[in-house]
Amino acid sequence: MSRRSISKPQITVAVAVGDAALARRLVEAIAGQPDLTLEEGPNRADILIVSTERLSEIGQRRPAIVLLGDGIAAETLAEALRALLPADSDPQLVVGAVRLVARGLLVLPEAALYPGAAPESAEDEDSPVEERVQLTPREREVLELLAAGASNKIIARRLGVSVHTAKFHVASLLRKLGASGRLEAVGIGLRTGLLML
C-alpha cells in the first residue's frame, strides 16, 4: 500500500480584538504560520478570534469562535464558542488554541470544567516553568507528538523505538505533568509554555 501525501487545507482566521496592540501581535503571530491564513471579515473565516469588548459587534456568525476575556458573555455564543482564553493571553497560546479548535477540540479554562477548584497560588504563577517541570528532550518530542494526535504506534515509529518504550515515555510524561490523559497533557504543555504549536 503506497502512502500519498495529503495536503492540509489552510485554516482561515479573522481577528476582532479591541486592543490594537494585541490585535497587531495576533496578526503577526498568525502571519508567521504556514497553515494559517488571515481573512478580513468574520463571515469569510473558519475561526474568529474576538475579545469580549468587541463581542456585541459580531452577532451570530458562522465561524468557530476563540473568545479572549471573561466567560460572562460566553453563553450568548452557544455552539460557536470553541475556546475561552484570558484577555491577556500570549499570541502564541492563541495560535495554539486556534490549531486545536481547527482539529475539533475545545479549549476551556480549568475553572469551566471544575467550578469549585481553587485558583493556582501566586507562588506557582511566579515560579518559572523550568522550576516546576523539567522535561527531557525526548519527553518534549513525545509532548509535541501528542499535540499532533499521534498514537503510541506512531510515536514509536517517529522516535525509532518499540511501542512498549513509547508507552513508557508517554506514561512518564503524564506523571511529570500531573495529567490524567493525553489531552490534559497537551493543555498543560500549552498553558505552561512547554509546548508551542
Report summary line: Taking first residues from the range 14-43 that are more than 17 Å from A87 (Cα to Cα) and second residues anywhere that are of a type in the set (D, E, K, R), the pairs with Cβ under 7 Å that are 6 or more apart or on different chains are D35/K8; P42/R61; N43/R61; N43/R62
Query raised in the report: Scanning for something touching a Ser or Thr at 6+ places or on another chain (Cβ under 6 Å) and modelled with pLDDT of 80 or more, does the range 42-63 turn up at least one residue?
Result: yes
Query raised in the report: Got a number for residues in the range 129-169 being in a loop (DSSP other than H, G, I, E, B) and either at pLDDT 85 or above or closer than 27 Å to V98 by Cβ (or both)?
Result: 9
Report summary line: Here the residues within the range 170-197 that are in a helix (DSSP H, G or I) and under 12 Å from the mean Cα position of the chain (by Cα) are L183, E184, A185, V186, G187, I188, G189, L190, R191, T192
Query raised in the report: In the range 136-190, which residue that is of a type in the set (D, E, K, R) and in contact with an Asp or Glu (Cβ under 9 Å, 6 or more places away or on another chain) is surrounded by the fewest Cβ atoms within 10 Å (Cβ to Cβ)?
Result: R158
Query raised in the report: Is there any pair linking a residue in the range 157-175 that is in the same structural domain as E144 (by TED's automatic domain parsing) and in contact (Cβ under 8 Å) with a residue 60 or more places away in the chain to one that is in a helix (DSSP H, G or I) and acidic (D, E), with Cβ under 7 Å and at least six apart or on different chains, and which?
Result: none
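The values are calculated or read from the model by the stated rules, or taken from the named source; none is laboratory data. Just so it is clear, the structure is predicted and the values come from calculations on it, not from any experiment. Glycine gets a Cβ as well: all are built from the backbone with ideal geometry, and neighbour counts include every protein chain shown.
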